[in-house]
Amino acid sequence: MTNTDIFEGGAKLPLVEDFYTIQGEGFHTGKPAYFIRLGGCDVGCAWCDAKYTWNSRIYPPTAIDVIVERAVACEAQSIVITGGEPLLYPLEPLTRKLKERGLEIFLETSGSHPFTGEFDWVCLSPKRKLAPLEDAYKRAHELKVIIQEESDLEWAEECAAKVGTECYLFLQPEWSVAEKIMPTLVEYAKRNPKWSISIQSHKYMRIP
Ligand code: SF4
């Protein structure tokens, strides 16, 4: 699906979009952050709300210098690198340049491909269809499991057993069934208080 050669070892990346907004999910909910969304994903979640990102070939390889200059041109202190699945690409060059500009770097990943790059915060959102590599569990600061049906809670516990003791644990309802599944999540979190609930607050705020 991806042709890594055209990305020149990470000097260019298939940029879908970049924008300054408010982080809507997980531990950093509510904080302003600049999002860099990369194209390409081979996980194939049926409920994915970013299917438009899957085919990296429709997104032109964009020089990371251009991406970094746009990021530093706004007031953002934090950068979220997301996708698609950003770990399909070598991220060391981009994260190094962002770090040189004093920015905090957060990663959103399924953990299904090897890690490259340096991050201040890793949000691991594991997917059953293509499970995270073992290394991804060790790197996670935050585990965010999307729950579509009650049986996904077993998957959440399997993943929680693999992360470090300091990792924050979040259950997040899949958006299209959020109203229906929320009471189950609320009761589950009350019975198992190591979990917190994350909601996609940006969708309520009507922001990207
Ligand atoms: S891993 Fe993320 S981008 Fe890829 S299909 Fe699943 S939800 Fe969509």
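Annotations for the structure displayed:
- A single entry from L107, L88 fulfils the requirement of being under 15 Å from the mean Cα position of the chain (by Cα), among the aliphatic types (A, V, I, L, M), under 16 Å from K12 (Cβ atoms) and buried (at least 17 other Cβ atoms within 10 Å of the Cβ): L88.
- Residue that is farthest from the ligand (Cβ to nearest atom), among those in the stretch 45-56 that are surrounded by fewer than 18 Cβ atoms within 10 Å (Cβ to Cβ) and in contact (Cβ under 8 Å) with a residue 24 or more places away in the chain: N55
- In the set R191, R101, R128, only one residue is free of Cβ contacts under 8 Å to residues at least 40 places away in the same chain, away from the ligand (no atom under 16 Å from the Cβ), of a type in the set (K, R) and within 29 Å of L13 (Cβ to Cβ); that residue is R101.
- Per the conditions (1) away from the ligand (no atom under 16 Å from the Cβ); (2) surrounded by fewer than 20 Cβ atoms within 10 Å (Cβ to Cβ); (3) farther than 25 Å from K203 by Cβ, the sole criterion not satisfied by A76 is (3).
Each row is one residue, and each column tells you yes or no for (1) part of a helix (DSSP H, G or I); (2) closer than 22 Å to G44 by Cβ; (3) touching a residue at least 40 places away in the same chain (Cβ under 8 Å).
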| residue | (1), (2), (3) |
| --- | --- |
| W155 | yes, yes, no |
| C159 | yes, yes, no |
| V163 | no, no, no |
| V177 | yes, yes, no |
| P183 | yes, no, no |
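- All strands (runs of 3 or more DSSP E) inside the stretch 29-141 with 1 or more residues being farther than 30 Å from E157 by Cβ: 32-38, 61-63, 78-82, 104-109
- Condition met for K31 (modelled with pLDDT of 95 or more, closer than 20 Å to E142 by Cβ and more than 13 Å from the chain's Cα centre (by Cα)): yes
The values are calculated or read from the model by the stated rules, or taken from the named source; none is laboratory data. A quick note: this is a predicted structure, and the numbers were derived from the prediction, not measured. Virtual Cβ from ideal backbone geometry, glycine too; neighbours counted across all protein chains shown.
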